[in-house]
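Trainee: My questions will all concern the structure given below.
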Amino acid sequence: MIEKAIQLKKGRQKSVLARHPWIFASAVERVDGNPGSGETVLIFDEHRKSIAKAAYSPNSQIRARVWTTSDETVDRKFLEKRIRDSINRRDSLRQEGKTTALRLIYGEADGLPGLVMDQYNKTIVMQILSAGAEFQRNDIIGILKDLLNPDCIYERSDVEVRGLEGLSVREELVTGNLPENGLVIEENGIKYQIDVAGGQKTGFYIDQRDNRQKVSGLAHGKDVLNCFCYTGGFTLNALAGGAKSVLSVDSSAPALQQLKQNIALNDLEDERSEIIEGDVFKLLRLFRDQARSFDVIVLDPPKFAPTISQAEKASRAYKDINLLAIKLLRPGGILVTFSCSGGITRDLFQKIVAGAALDAGADLRILEQLSQSADHPVLLSFPESFYLKGLICKK
Ligand code: SAH
């Protein structure tokens, strides 16, 4: 039988040896043994030396994702070790006891390409984004049951990027039941209802945990504007931190509905809170025309540039909202601004905000650089895992 394998083009072993997990179609000389989607294949360098084992993805530009560069078999035992290591990697976060919502597995950065796993109390939400993880799905589910004994595993593989891997979307209850009376997590002393089935992503933006808490510390006595507020992460922290007022804006009606419930859930009196449903790009202009002003403004938009090809257009969008926000800031005010776009580097993001400040005729100083929380680790050999950039700037 012919071995299932990928023969790399000359010189293209470099990135594999540098432990980058993606093998692009352009690096592939030949595919042997007719592997199916997601099957494990050997990776050969130009001298026919086996340098890795990877999951084959016939439809994707990322033609294979490396499981290992060691001489180990990719089987249930292998996956169990990777998953266990990933769970253990979060031990210090668990011990801190600051949250009951944790990202347990962050794909490539945890050595599990295409697999995302979030834990909300005893509920696990799983997202499978690659052909390789899809191929191992049954084993992965079995391992999760063994290691965590969860009340419920829910799959939210309902994202378009699966199409690039030749996979259709899937959203279903895998095992157990979602909590009957709703799911409420607690993060830094604040409670949030999580809509695992209907919410965005897996229900919550876990990656902003530390940054939400920072805003709590900035808010006392301030008028705060929270743009792209979703279910109110920054809003609740600002209210809990003693803000004078918080204006929250998002285009999603269900998210805002949940924000209202979250305010009640935390006994935060809502006279200080104003909520507007609408497009941030338009509303910032409206606030400008109304001569409204704020002490603290949070900008946490969705990914404008998932990849580098959209960077230029996205840069204009980032600049637009940052420019408008800087103008709405009172002297001495604070801008907390983010980009979660893979296609925008930290350097570029800082340049965009600098350009916005320049056009607004304001001197802004960086008080702090922000990033994703520690359960979204950055793997140094996979810089793509570093995606959330944030700046706290003072006017
Ligand atoms: N800061 C939030 C997460 C924000 S996610 C937290 O801590 O939980 C980005 C949000 O932007 C989503 O809720 C989405 O509904 C909203 N959104 C996307 N485009 C928008 C637009 N043009 N105007 C207003 N909201 C928008």
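Taken together, the values in this text are just the output of simple stated rules run on the coordinates, not laboratory data. As the structure is a prediction and not an experimental result, all values here were calculated from the model. Cβ: placed from backbone, ideal geometry, glycine included. Neighbour counts: every protein chain shown.
Trainee: What percent do you get for the relative contact order of the stretch 157-240 when only Cα pairs under 8 Å and 6+ apart count?
Mentor: About 18 percent, as a whole number.
Trainee: Dividing the convex hull volume of the Cα atoms of the stretch 276-395 by its residue count, what figure in Å³ per residue is obtained? Present the calculation step by step, with values, prior to reporting the outcome.
Mentor: Details: hull volume 13.4 nm³, N = 120.
Dividing the Cα hull volume of the stretch 276-395 by its residues yields 112 Å³.
Trainee: List, in the order given, every pair from LYS98/LYS201; LYS10/LYS49; LYS351/LYS394; LYS351/LYS389; LYS260/LYS319 whose Cα-Cα distance in the structure shown is over 18 Å.
Mentor: Values: LYS98/LYS201 21 Å; LYS10/LYS49 12 Å; LYS351/LYS394 16 Å; LYS351/LYS389 12 Å; LYS260/LYS319 30 Å.
Beyond 18 Å between Cα atoms: LYS98/LYS201; LYS260/LYS319.
Trainee: Could you compute the net charge surrounding SER130? Neighbours are other residues with a C-beta less than 12 Å from the C-beta of SER130; K and R count +1, D and E count -1.
Mentor: Residues close to SER130 contribute a combined charge of +1.
Trainee: Next question, about the same structure. Around GLY390, with a cut-off of 13 angstrom between Cβ atoms, what is the net charge of the other residues, counting Lys and Arg +1 and Asp and Glu -1?
Mentor: +1
Trainee: First obtain the Kirkwood hydrodynamic radius of the stretch 1-77 from its Cα pairs, then insert it into the Stokes-Einstein equation at 25 °C and 0.890 mPa s, and state the resulting D in µm² per second as a whole number.
Mentor: Values: Rh = 12.1 Å.
The estimated diffusion coefficient comes to 203 µm²/s.
Trainee: First measure r as the distance between the Cβ atoms of ASP289 and SER92, then evaluate 1/(1 + (r/R0)^6) with R0 = 51 Å and state the FRET efficiency to the nearest 0.05. Working shown, then result.
Mentor: Numbers: r = 48 Å, r/R0 = 0.95.
Efficiency, from the Cβ-Cβ distance: 0.60.
Trainee: Another question about this same structure. Over the stretch 227-343, what is the relative contact order in whole percent, taking alpha-carbon pairs under 8 Å and six or more residues apart?
Mentor: 27 percent
Trainee: Would you please put 74-82, 199-207 in order of how densely packed they are, using the mean number of other Cβ atoms within 10 angstrom per residue and starting with the highest? List each step's numbers first, then the result.
Mentor: On the way: 74-82: 16.2, 199-207: 21.3.
The most tightly packed comes first, giving 199-207, 74-82.
Trainee: With a 10 Å Cβ neighbour count serving as the proxy for reagent exposure, in which order, fewest first, do ILE128, ILE2, ILE344, ILE153 appear?
Mentor: On the way: ILE128 26, ILE2 7, ILE344 23, ILE153 20.
Fewest to most other Cβ atoms nearby, the residues stand as ILE2, ILE153, ILE344, ILE128.
Trainee: Which residue fluctuates most in the GNM of the chain (Cα springs below 10 Å): VAL66, VAL174, VAL184?
Mentor: Taking springs between Cα atoms under 10 Å, the residue moving most is VAL174.
Trainee: Considering amide H positions built from the backbone, and no H for Pro or chain starts, which residues 5 or more places from GLY333, or on another chain, come under 5 Å of its amide H?
Mentor: LYS395
Trainee: Report the residue, chosen from LYS282, LYS222, LYS98, that carries the largest GNM mean-square fluctuation when the chain is represented by alpha-carbon nodes joined by springs under 10 Å.
Mentor: The residue with the greatest mean-square fluctuation here is LYS282.
Trainee: Here is a follow-up. Within 10 Å of each candidate Cβ there may be at most 10 other Cβ atoms; applying that plus a DSSP loop requirement, which GluC sites (Glu not before Pro) in the stretch 126-214 survive?
Mentor: GLU180
Trainee: Could you tell me the relative contact order of the chain? Use alpha-carbon pairs under 8 Å, at least six residues apart, and round to a whole percent.
Mentor: The value is 11 percent.
Trainee: Using only alpha carbons, build the gyration tensor for the chain and give me the equivalent ellipsoid semi-axes, biggest first, whole Å.
Mentor: Details: eigenvalues 325, 128, 55 Å².
They are 40, 25, 17 Å, listed from largest to smallest.
Trainee: Can you compute the helix-only [θ] at 222 nm over the chain? Use -39500 (n - 2.57) per DSSP H run of at least 4 residues, normalise by all residues, nearest 500 deg cm²/dmol.
Mentor: My calculation for the chain gives -8500 deg cm²/dmol from helical runs alone.
Trainee: Further, regarding this structure: Among 227-234, 250-257, how do they line up by average Cβ neighbours within 10 Å per residue, starting with the highest?
Mentor: The most tightly packed comes first, giving 227-234, 250-257.
Trainee: Next question. Quick one: ARG90, ARG156, ARG285, fewest Cβ neighbours within 10 Å first, how do they rank? Intermediate results must be reported in sequence, preceding the final value.
Mentor: On the way: ARG90 19, ARG156 22, ARG285 13.
Fewest-to-most ranking of ARG90, ARG156, ARG285: ARG285, ARG90, ARG156.
Trainee: Let me ask something additional. Quick one: net charge around SER60, please, counting Lys, Arg +1 and Asp, Glu -1 for every other residue with C-beta under 11 Å from its C-beta.
Mentor: In short, +2.
Trainee: Here's another thing I want to ask about it. Please report the antiparallel percentage of DSSP beta bridges with both residues in the chain, rounded to the nearest 5.
Mentor: In the chain, DSSP labels about 65 percent of beta bridges as antiparallel.
Trainee: On to the next question. How large is ³J(HN,Hα), in whole Hz, for each residue of the stretch 166-171 in order, when computed from phi with the Karplus curve 6.51 cos²θ - 1.76 cosθ + 1.60 and θ = phi - 60°, using x for Gly and Pro?
Mentor: x, 10, 8, 6, 9, 9
Trainee: When a/c is below 1.5 the answer is rounded, else prolate if a/b is larger than b/c, else oblate, so apply that to the stretch 215-358 with a ≥ b ≥ c taken from the square roots of the Cα gyration tensor eigenvalues.
Mentor: Taking the square roots of the gyration eigenvalues as a ≥ b ≥ c, the stretch 215-358 is prolate.
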